[in-house]
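Student: Quick one: the structure is below, and I'll ask about it shortly.
The values are calculated or read from the model by the stated rules, or taken from the named source; none is laboratory data. Because the structure is a prediction, the values reported are computed rather than measured. Because the Cβ atoms are built from the backbone with ideal geometry, glycine has one as well, and the counts that use them run over all protein chains shown.
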Amino acid sequence: MAKDDKKKKSKKAKALAAAAPAGTLEGALERLAALKAEVAALEATLATAAAAAAPATAPQATAAPAAAEAAPKKKNPPPVSPLAPAAFPDLPPVAGVRFAAAEANVRYKGRRDVMLAMLAPGSAVAGVFTRSSTRSAPVLWCEALRDAAPVKGPQAILVNSGNSNAFTGRNGVEAVEALAAAVAKATGAPKSGVWMASTGVIGEPLPHEKIAAKLEELNANLHEDAGEDAARAIMTTDTFPKGAAEVLPLGGQRVTIAGFCKGSGMIAPDMATMLGFVFTDAAIERDVLQKMLSEATERTFNAVTVDSDTSTSDTVLVAATGRAPMEPITSRRDPRAAEFAAALERVLRDLAQQIVRDGEGATKFVSVTVTGAKSDKSAKKVALAIANSPLVKTAIAGEDPNWGRVVMAVGKCGEPADRDRIGIRFGDIVVAEGGWVSPSYKEADGAAYMKNAELDITCELGIGEGKATVWTCDLTHGYITINADYRS
């Protein structure tokens, strides 16, 4: 239809509508017909305009996919968590340990994604791992090393990010075996002394040839001061590298403990998606070190949760090089053992809490303490029920002092509790006591407290002496955004 014809038709429709008798059925029908005609004329005008513009835009639409194939869109790094520490700590060197990191392009481009740590001969290595029934090939490999006879020569720890080598069948096992042989060849460590860990996407074959091609470079660049480079190389959705250290006098000698970890999502007890590597120059027998690590892990890495999901790849290794001038600790009854174990637990707790502070999308760091439980074990189960509750976590994100959700979480977990003795506190604010809202509680006080970046929730069960503390974060839209985009 020509432009002038459309204008004439529109004018005619308006004229008919104006001439139609008002207040009659005939008039109403004529006005309706006129309006339909006017709408049809407008639609025709828009269609003509769109057709005229199409030739100019079509080539752009056709060219876009080709451009995307030629140069994949680079994702911007996520903003650093608002709960992050000001800076990565200045990790003191640990005698007998050297690090290197390299860019192998396992999945990420333009960043280091593989790290190698070399341990001096005679080092003792202890490990704890995920209890998932779908453990990754590297985890199964390390479990076998832990349960085998100690290695006398040098040992190596090889870690990659971007691919977890989990749920990869025989391919995954062969990748681990090939890398162990390649590390042994490049470093001189025995194959039985090569520890491995992988983190990243599940179910995709590990391009182990890319990692093997970087081993000579890694071995040539080992340095005792490269701990931060190693910490950055193992990151996935982390927004900051995580490190912690402590120097302590032990039996009159100076001993160093230093380490780093990664973790941000799929974090829950039973280790979750996290990797941790801690090193000390103390001389400690392997069995004693293993017991210390297992005990400390239960109160640190197994007491944090971001999203209640347990990973296939969780690994924490502690290596004692024995380079400090001290007599070895060969028994848990050695007075020095208690001092060292306490310091090790402090370092592990610091690392574990940094993982929560880097929880995907997190804006609040939350400590949940349960007291008055039947046992410490029961208290921990209740605390985790509160910390893992999506309703509790979203209320925290919304800064809503919804203490009823805490009551709900206590009731659903199946652990003993006296409903009529339950008490709840938000920080120092008594919210509920004796199984009922406290007469002194004011909703405005609770709402004001929830605006803090760090929160303490305490729940008294009223039946025993058991107590436990776990750490969690809030659940925000940011968590959904990060995980919806993880594989793209």
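Yes/no per residue for (1) touching a Leu at 6+ places or on another chain (Cβ under 8 Å); (2) not in a helix (DSSP H, G or I):
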residue: L317; (1), (2): no, yes
residue: G322; (1), (2): no, yes
residue: P325; (1), (2): no, yes
residue: R332; (1), (2): no, yes
residue: A341; (1), (2): no, no
residue: Q354; (1), (2): no, no
residue: G361; (1), (2): yes, yes
residue: T369; (1), (2): no, yes
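Student: Restricting to the stretch 215-242, give me the number of residues that are over 20 Å from V106 (Cα atoms), out of contact with any Lys or Arg (no Cβ under 9 Å at 6 or more places or on another chain) and crowded, with 22+ Cβ neighbours inside 10 Å.
Tutor: 1
Student: Run A126 past the list (1) within 24 Å of E209 (Cα to Cα); (2) touching a strand residue (DSSP E or B) at 6+ places or on another chain (Cβ under 7 Å); (3) surrounded by 20 or more Cβ atoms within 10 Å (Cβ to Cβ); (4) not acidic (D, E) and report the number of the one that doesn't hold.
Tutor: Against the list (1) within 24 Å of E209 (Cα to Cα); (2) touching a strand residue (DSSP E or B) at 6+ places or on another chain (Cβ under 7 Å); (3) surrounded by 20 or more Cβ atoms within 10 Å (Cβ to Cβ); (4) not acidic (D, E), A126 comes up short only on (1).
Student: If you check A303, A296, which single one turns out to be at pLDDT 95 or above and assigned by TED's automatic domain parsing to the domain that holds V255?
Tutor: Being at pLDDT 95 or above and assigned by TED's automatic domain parsing to the domain that holds V255 holds for just one of A303, A296, which is A296.
Student: May I pose another question? Identify all residues within the stretch 180-202 that are under 18 Å from T315 (Cα atoms) and at pLDDT 95 or above; write none if there are none.
Tutor: Answer for the stretch 180-202, where residues must be under 18 Å from T315 (Cα atoms) and at pLDDT 95 or above: A180, S192, G193, V194, W195, M196, A197, S198.
Student: Kindly list the number of the only condition in (1) at pLDDT 95 or above; (2) within 21 Å of the chain's Cα centre (by Cα); (3) more than 18 Å from G200 (Cα to Cα) that fails for S81.
Tutor: The number of the failed condition is (1).
Student: Can you tell me which residues in the stretch 308-340 are among the aliphatic types (A, V, I, L, M) and within 33 Å of the chain's Cα centre (by Cα)?
Tutor: V316, L317, V318, A319, A320, A337, A338 - these are the residues of the stretch 308-340 that are among the aliphatic types (A, V, I, L, M) and within 33 Å of the chain's Cα centre (by Cα).
Student: So, one more: Contact list please: Cβ distance under 8 Å, first residue in the stretch 445-457 and under 19 Å from S81 (Cα atoms), second residue among the polar types (S, T, N, Q), pairs at least six apart or on different chains.
Tutor: A453/T363; E454/S367; L455/S367
Student: Could you count how many residues in the stretch 387-410 are over 21 Å from A448 (Cβ atoms) and under 19 Å from the mean Cα position of the chain (by Cα)?
Tutor: 4
Student: Another question, then. Taking G243 as the residue in question, decide whether it is small (G, A, S), assigned to a loop (DSSP other than H, G, I, E, B) and assigned by TED's automatic domain parsing to the domain that holds A120. Let's see the steps before the verdict.
Tutor: Working: small (G, A, S): yes; assigned to a loop (DSSP other than H, G, I, E, B): no; assigned by TED's automatic domain parsing to the domain that holds A120: yes.
Criteria not met by G243.
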